[in-house]
1. So which of LYS828/LYS899; LYS138/LYS505; LYS786/LYS842; LYS63/LYS656; LYS636/LYS712; LYS141/LYS389 end up more than 31 Å apart by C-alpha?
2. Quick one: compute the contact order of the range 393-515, relative version, from alpha carbon pairs under 8 angstrom and 6+ residues apart, as a percent.
3. What is the gain in length, in nm to one decimal, between ASN39 and ILE700 on full extension, counting 0.36 nm per residue of separation less the C-alpha to C-alpha distance?
4. Candidates (i) 66; (ii) 47; (iii) 52; which is the computed percent of Cα pairs over 39 Å apart?
5. Tell me, what is the FRET efficiency for ASP916 and CYS820 to the nearest 0.05, using R0 = 45 angstrom and their Cβ-Cβ distance as r?
6. Kindly count the pairs of lysines across the range 547-611 whose alpha carbons are less than 25 Å apart, treating pairs on different chains or eight or more residues apart as eligible.
7. Roughly how tilted is helix 450-459, in degrees to the nearest 10 and between 0 and 90, from the longest Cα axis of the chain?
8. Quick one: Cα centre-to-centre distance for the range 703-722 and the range 450-514, in angstrom?
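Read-outs: derived from the displayed coordinates by stated rules, not from any lab. Treat the numbers as computed from the prediction; the structure is a model and nothing was measured. Cβ placement follows ideal geometry from the backbone for every residue including glycine, while neighbour counts extend to all protein chains displayed.
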Amino acid sequence: MENALHARDRAGVQDFVLLEDYRNEESFIGNLRKRFKENHIYTYIGSVLVSVNPYKDLGIYKKEFVEHYRNVNFYELPPHVFAIADTAYRLMREECCDQCILISGESGAGKTEASKKILHYLAAASYHAKQVEHVKDKLLKSNPVLEAFGNAKTNRNDNSSRFGKYMDIEFSFLGAPLGGHILNYLLEKSRVVHQNPGERNFHIFYQLVMGADDELLQKLFLRREPELYYYMNQGGSTRVNGIDDAAQFQVVKSALTVIDFTEEEEEALFTTVASVLHLGNVGFTENNGQAIIAQEKSVSSVCKLLGCPEDMLKDALTHRTIEARGDSVVSPLNRDQAIYARDALSKAVYERQFKWLVKKLNDSLENKDESGRKTLMGLLDIYGFEIFKNNSFEQFCINYCNEKLQQLFIQLTLKSEQEEYKREGIEWETIEYFNNKIICDLIEEQHKGVISVLDEECLRPGDATDLTFLDKLETTVGSHPHFLSHKLADNKTKKTLSREEFRLKHYAGDVTYKVEGFLDKNNDLLYRDLKRTMTKTSNLITKSTFPEDELTSKKRPDTAATQFKKSLSQLMQILMSKEPWYIRCIKPNDNKQSAVFDDTIVGHQVKYLGLMENLRVRRAGFAYRRPYEVFLKRYKCLCPGTWPNYQGSAKDGVEKLVNHLGYRPDDYRMGKTKLFIRLPRTLFKTEDDFQHKKHDLATIIQAKFRCYSQKKKFLQMKTAATLIACYWRRYSAKKLLEKRRWAVKVIRSFIRGFITRNEAENEDNKRFVQCVKAEYLRRLAHKLPKNILDKSWPHAPGSCLKASDLLHDMHKKWLVRKYCKSISAERKAQLDQKVVAHDLFKNKKQSYPKSIARPFVENRLTSEQNSLKSSAFDKTTKPEDEKTLYCTQVTKFDRHGYKARGRILVLTTKAIYLLDDKDCKLKHRLNYQNLMGLSVSGLTDGILVLRICKELKKDKCLGKNIKHLDEEERAESTCLAFHDKPDLQFAPEEERSTF
């Protein structure tokens, strides 16, 4: 709780005990408003929990919240209903002390939801076993059943509890729920027959009509139209947004199965509900002052459902048997009396059915195992103090109940305060408070109280009325300071009281009650004829709830007020035997709107719930108390003598701490185990100092944590490095071992292979031979011949000889192919000519070998000769259709005397030309057709002899150059000497035929 003190200006204080101006109601409401705006709906008054209904889901009841509040000290976490439930549960389990949680508040304040959340927490936090889970299911499923039959929509709340409920949950010594028991108080049975505008009857009526299947509705003679039934349509709210009656009916049916209802019991339950609806539709007319049933069909339906004689029920609804001095007189009822009788029967049937339902739930929840130690957890969900515009008998009973609960609260609070002071050895200081025992006595005192006077008026013979009851009150308790009526009031007060009202000054405020209906509601009469008819029914529920011995009993039943007084007294005894915890529920507005906080409405509830009185009693002594260990642990940093760790006892440390903080003697007391601080401002100042000190602490913590974090990181890294190095060394050693073993194996294998290398391939030398082959191939790859003329080839081992020959041949072919692919067209032509020359001159001409390397050239003239040839021969003498194939400079030898003459030899596509080497004038022209052959010697000379036809010997152009050969050759020849011994260049293949 101390964790949130620094945020008190924004979100208020979590405990009203720490409120500075605790006597001011506006300050109280302001703190509630602050917390409500911040969605903090829970606030403490000491151990009392104040809950404001948020009208929305805040998401604070999930599983993680259950675990968050589980086994945590009460003040360690923010206020929550789970904190109350957990503390009560732990004390019950650990100290074997019965506990009870009292939940009170107005309708719509969230009482029912609070009780559900407590049950939810107990189910989640308690011992888990298969059998235990079944008991938990029963406890949880009892809620929707009780809500269906005991809750209704009001103008203030869509799910308002119209009865008081006390549930005892039985636990084993392990904290496992074993069973439970339910007590119900003051069911609002008048709602069965009447609803105010905007309100509805009990949920079960609407759930049955809207949710039952067609077969069940037909069996119950009902229709799926709630507007048709008088007991359902008076409020005009048969259908409500946000309420799914059909779905809820299925939930109820499922719950009935879990809590061990048989099909017969379930059928009887729904049959009884349907019979009440049909009773409401029984109308009456009047003839000569006698009531006549107008809707006999409805009566017939009731009789069929309950299994009673129809004539008997008709008579009971329209007649009354009066017994006086042993005589019986049957008196007819008028219309109003018949309606009263019908409504009385409906209320009685529904009320007794509700009691039967509670008894059935108790039978299902009862723990059959009596062995072992057991403890109880009580849960009281009861109406809060009510002040309406018109307050009647029901409000009187409710407010009386709250007076008793307030009396119990004051007694137990003061008692607990005194016991704590005594335990801690602190002197008890008298606390002034309003003791409402005087009001309780005014209501319940024997022979003098309001209830006694009301009973006397109901029992006395004569015409007792509500006004005679008021007169009797004025006579009996008129002098009481907390009673006031119109007759006893002063003139000013009379204006606020009518003659049919009286006023009681309750602890929560003055309440004015209207006496109209007090006697009827207290008598709660059901005519004997109707009771007799109900005893004749065959319905399982009505037959057991209307026993026949009730008719024969001469004892008058207790009045409603007396029954309530007795049950309330029994409840007080139960609560006094347990350690109580309180939850006060408040609704923030009347419109069920979230985030709307109405100060006026909240102020009324604060007053009616007695919260200011609770706070005043709690604050009368010391506002704050904590064990020494808790206080020292939180605030030890504020004193150098206690920081960081105090070596002595916690009490001595706290004493040194408060002295250092400058507490005045009246500001605190030192108990045996706790420190008591009187005023909140003392605690607030201490907390503020602590909040400022937090910055220094944070710096120290950060430094220490950073040191710790870095050291931890370093150690982790060091450990990781060592571990990695260890594993790496291990891995490396294993790899080295494997490598060495492999190396030894390989070496051994190679040695054996080397020894047996010349043998046929086997397992011993196979690998060695393979390696030899691989090594030979690697060496061969680096020493291959680079060109076709290189005839060298590396030596091969014996195992590779065959492969070497194949590779040698393949490589030679590859070089040839590579060389062939690399030569150009011109080069290829040169080579082709070289081949021809080879065929002509190899081994025939001595100068041939020297000419092989010299390439053939088409033109061997100088540039001057070429220029002269071009102008003197090509343009003037050579025909245009001839192409020059070869040009070179030659020496011509005459036939006579062999005189040498310089000439230029020109070969064209058709003829041979000899030109003068000085002016390139034509000297000879010889067609290829006239050429008979060529002759050369086998020596190293460069002489070429052209042989021509015999007929050309007289050609002057040739005759002087041609010598006559013998007859057999029939040819002439011309001798030419080639400069530089040029090779012959032959014409292309297609023209070679001309030679």
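1. Numbers: LYS828/LYS899 40 Å; LYS138/LYS505 43 Å; LYS786/LYS842 28 Å; LYS63/LYS656 43 Å; LYS636/LYS712 28 Å; LYS141/LYS389 37 Å.
Where the Cα-Cα span goes over 31 Å, the pairs concerned are LYS828/LYS899; LYS138/LYS505; LYS63/LYS656; LYS141/LYS389.
2. Numbers: 117 pairs, mean separation 24.3, N = 123.
The value is 20 percent.
3. 234.5 nm
4. So the structure-derived entry is (i).
5. Details: r = 44 Å, r/R0 = 0.99.
So, using R0 = 45 Å, E works out to roughly 0.50.
6. Lysine pairs satisfying the spacing and distance rule in the range 547-611 number 9.
7. It is inclined by approximately 60 degrees.
8. 83 Å
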